Structures are given as C-alpha cells and as structure tokens.
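Please treat every number below as a calculation from the coordinates, not as lab data. Please read all numbers here as calculations on a predicted model, not as lab measurements. All Cβ positions, even for glycine, are placed from backbone atoms using ideal geometry, and neighbour counts span all protein chains on display.
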Amino acid sequence: MIDRILMHPDSRKTLPSFRISTLLTFILVHPLLYGVEFRIDCSQRIGMIRPLHGVNNGPVNQGELVDLSAYYRELGIPLARLHDSEWPDPEIVDIHAVFPDMSADPEKAESYDFRRTDDYIQAIINTGTGVVYRLGESIEHTRRKYRVHPPADMDKWARVCIGVIRHYNEGWASGFRHNIRYWEIWNEPENRPTMWTGTDEQYFRLYTTAARAIKAAFPELKVGGPSLGATGELEGDTLKATDFLKAFLKTCKEQSAPLDFFSWHTYSYEPFIYAIKAREIRKLLNEYGFAKTEIHLNEWNFLPGNNWQPMSLAGQGIGRRQWYEQMGGPQGAAFLACVLSDLQDSPVDVANYYSGDTSLFGLFDRYAAPKKTYFAMKAFRMLLDTPQRLAATDWRNEQGTVLAGTNSDAGRWMALVSYFRNWQPDVKLVFANLPAGGSYRYQVFLLDAEHDLEPVQAGILAADGVISGQFQGPLVLVVRLEPQK
C-alpha cells in the first residue's frame, strides 16, 4: 500500500541541450513562459540547509561482491534505514535472520546469529553513516507468506528485540557499542498480505508491547513506527487520514505507548506532495498529543506515471525495464533534488530515500555503476558545503526548485536547481547583494541525459550578477561562486 497522487506523466523524450552565458540563478518555470528571473539574496540568511539525504540500506551488497563505501562517504549520508536489506533473500537484519529459532531462549547469547548482520552494519558505520534499525521482516511478494505473520508470543518477540539492541549498543553477546539511536517496529503493517497477515489490532498490540519494553529497558533510545505506506489521500492541501493511522495514534495515546518518531512512506510522480503531507501529519500528531514526536519520511522515491503496475507479475518485461530506467534516469534525478529542496521547509526530521544500494530502486545498478539519481544526491551533498541557506524569490514552482546557500565566512555561494519536466525554458539567474567591490568566479555543473554533474561552464560573474541561459529538462544544476583570487 503506497500513497498515490494522480498526475499525467510527461514521457516525451528530448535531446539535451545546455547554454549558459553568465552565472547562477536557475529556473523552474511554467512551460508557457518564455523566461523567468530568479534572484538569490546573498546578504539574507534564513536558516540552515538540513541534511535530509538519508537512504535505505548499506554499501556492501551481493554477498560482498559489491562495496559502495567510497560513494557513501562521498555523499556523507546521515542515516541508513535497514529494511529489505539484501532483498529478495534477506538473511540479515530481519528478526528471523538474527533469531532463527523462536522456541529458543532470548536471554541466551547462543540463541542468536548476528554474524552476517554484524558485518553489514559495520560497513555502514565505517562510512560515518548512522543506522535506523527496523525490527521486523522484509516484504514478501511471494504467493506463500513465510515470515510476515504476527508473532505467536509478542512478549517474547519484544524480548528478542531487546537482545538485538543489547548486542549492537551494549556489547552483549560479543557485540558492539554503535549507539544506534532509532529503533522502528515493523514495516507497513497495513500493506496486507505482503507485509502483515494479521489484523490492525494485532499490529497495535505488537507495537505497544515492543515499544513499552524497549523504552523501559533503554529510555535514552528513540522507538517508533508504524512505517506506514498508506497515510491517506490529499484533498487539496488537506490529508484525509486512513482509519488505520487514526486508530494507531488513538491506541498509542490511550495505552501510553511511546512514539518517539512517526514513520511513513510515499512514492509519487509529484515532488511537492511530501512536504504537504508532512505538514498535515504534524497537525494530526499534535491533535493526538504527540507534539514532540519526530516525523520520519523513511521511504520515498519517484514513481513513474504514478503507476505500480510494472512491478506486478503482469508488468514484467520491457515495460518494467523502462519503468526502472525512468526512475533512475534524468527525471528521477531531478525529482530527487527537487524533493530534498522542498523538504527544507517541511516538519520532516529524518528522510530516507529508497534505496541507496544496488536494488532495482537503488542509486546504483546491479553492476555497482552510479545511476543519474546518485549524481543528484551528490549535487545536494555539494550544496551542504554552503549550509547557511539564502533567501531566493519564487524558489519553488510546479516545475522545480532552487536552493541556495553560503558558508560561515561568506567566502562561497552555491545554488542547486532542479527542473523535472521535459520543457526547455529560458533562465535568468541573479546573485544579488554580493559583497561590494569584489570579483567573483563561477562554475556550473550539469546533470541531464548527457552529463553526470560535469562542469560545463566557468567564468567571471558579470557586474550585474546575472546568468542567463537555456537548457533542456529534466536536469539538475549546481552553480558555485567564489571570490576571484
């Protein structure tokens, strides 16, 4: 069950072109407009650019034949959520993988097999990335369901979770002190039967049982869920929450179950749906008395055509291949950069793109080659070198976004432009209110169908601080500006 918003996809294929005559501002314009001016006020700082570019899963894949650690370090990924790790044969992370015999004693170290998961998590930690550990099982698209059933003994299941936490945070059972802060209970329990074969009430009982037990044993940790795929439908900017969502919050409130973070998912063709939903979820949490609960958008990605049919058995073949190619291609890349920009003004505390590995949804193909989406994530990471956000006029419209920043000593300015439609606009970008008397050198990096965030132009910024040009979307631009030495 994944939330959807209906839009008509623009699937036209066009040849990329790019021409820039001066430097930075960007443009995300309506296709009926022939040009737009975008102004960045280099003297007005409006906060910090938040590192919301987390992912799902880690850098070591395919039986350790793939190691993406250098890429993870380059991106500076803040948090990796562990779900569907090494899917479709997940023998790590999942409860069945680390505690293979539910008749065993969860108080005894020999009841657990942490070896594969130890190595998987250690590879993540080695890159400087933190972990969100999903306690539960991976998705099962198979006709027969093996492990996504409600635990027969929920109290015992909770004790197993405590054993896992002790191992990774307290060194128990030849373990570690990774200080994993976030512990999530299950994934998409409303997504039946692929993720849960029980009832709503059975999941609520599992959550309240495990959340109370974990919080009692480790009060300093953050426990949350329900990792909800279907939060409800938007009517304008209003979320019509599902009965499941409302019942979950009601249950947590009435039973005083801890909810340190609320996690949810959305896959869409519309990049601005995420911030809208997040604001509505914030309101809903506040209404139920969870004003301090964090909001985690811990699965999101571009959904070509807002259509899941290519993933079904009936969708296999060339159509499925094209669907995934579009997801990881220029439009998916521009979508990624646009969402990360738009989330800056949302109440989302943690976001995790699905996914960072070599899965079909990943930033890398099965051969470990970076997709276009990887370079979009890299573009956002470049912007974080200038983390103090600058004001920009009309920084978001229905075609894309611009996000600009500077560093603490105002010795560099950068802008990230995402344009996710296939139209070809004229762009005028203005850097206003730069320190007087200076001369500034700029460099432009382009990500489109033909370029992988490559430098395409450099020069001296004109006295009026203007850059103008025409380019073919979808694309991502990074413009870097520094004093000429």
Apply the Debye scattering formula to the stretch 148-191, with a single equal point scatterer on each alpha-carbon and no solvent, then give log10 I(q)/I(0) at q = 0.13, 0.16, 0.20 Å⁻¹. -0.36, -0.52, -0.73
Just want the ordering: HIS265, HIS167, from fewest to most Cβ atoms lying within 10 Å of their own Cβ. HIS167, HIS265
The alpha-carbon pair-distance distribution computed for the stretch 263-339, with 5 angstrom bins and whole-percent values, is 3, 15, 21, 18, 14, 12, 8, 6, 3, 1
With N residues in the stretch 233-386, what two-decimal value do you get for its Cα radius of gyration over 2.2 N^0.38 Å? 1.15
Evaluate E = 1/(1 + (r/R0)^6) for ASP113 and THR393, where r is the Cβ-Cβ distance and R0 equals 51 Å; express this FRET efficiency to the nearest 0.05. 0.35
Angle between the chain longest axis and helix 200-217 axis [Cα atoms, degrees, rounded to 10]: 90 degrees
Helix 273-287: inclination vs the chain longest Cα principal axis, degrees, rounded to 10, gives 50 degrees
Which value, in Å³ per residue, describes the convex hull spanned by the Cα atoms of the chain? 145 Å³
With angles folded into 0 to 90 degrees, how steeply does helix 372-383 sit against the dominant principal axis of the chain? Use alpha carbons for both and round to 10. 70 degrees
Karplus ³J(HN,Hα) for the stretch 100-116 (6.51 cos²θ - 1.76 cosθ + 1.60, θ = phi - 60°; Hz, whole; x = Gly/Pro) runs x, 10, 5, 8, 6, 8, x, 8, 9, 4, 6, 7, 10, 10, 8, 4, 5
Share of Cα-Cα pairs in the stretch 391-485 lying beyond 17 Å, as whole percent: 50 percent
Give me the base-10 log of I(q)/I(0) for the stretch 83-165 at each q in 0.11 Å⁻¹, Debye formula, one uniform scatterer per Cα, rounded to two decimals. -0.30
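Tell me which trypsin sites (Lys or Arg not before Pro) from the stretch 79-150 have a DSSP coil assignment and no more than 10 other beta carbons within 10 Å of their own.
Answer by residue number: LYS108, ARG143, ARG144.
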Helix-derived mean residue ellipticity, 222 nm - over the chain, DSSP H n ≥ 4, -39500 (n - 2.57), to 500: -8000 deg cm²/dmol
With the dipole of the chain worked out from charges on the C-beta (+1 for Lys and Arg, -1 for Asp and Glu) around the Cα centre, which of TRP157, THR209, VAL348 lies farthest toward the positive end? VAL348
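Among PHE290, PHE262, which comes first, second and so on when ranked by fewest other beta-carbon atoms within 10 Å?
The fewest-first ordering by Cβ neighbours comes to PHE290, PHE262.
Arrange LEU429, LEU79 by Cβ neighbour counts within 10 Å, fewest through most, would you?
LEU79, LEU429
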Set of lysines near LYS250 by C-alpha distance (under 18 Å), chain-local residues within fewer than 8 positions excluded: LYS240, LYS283, LYS292
Using all C-alpha to C-alpha distances in the stretch 214-278, build P(r) with 10 Å bins and read off the rounded percent in each one. 18, 45, 26, 10, 0
Rank ALA368, THR406, TRP395 by how far each Cα sits towards the positive end of the charge dipole of the stretch 298-440 (+1 on Lys, Arg Cβ; -1 on Asp, Glu Cβ) and give me just the farthest. ALA368
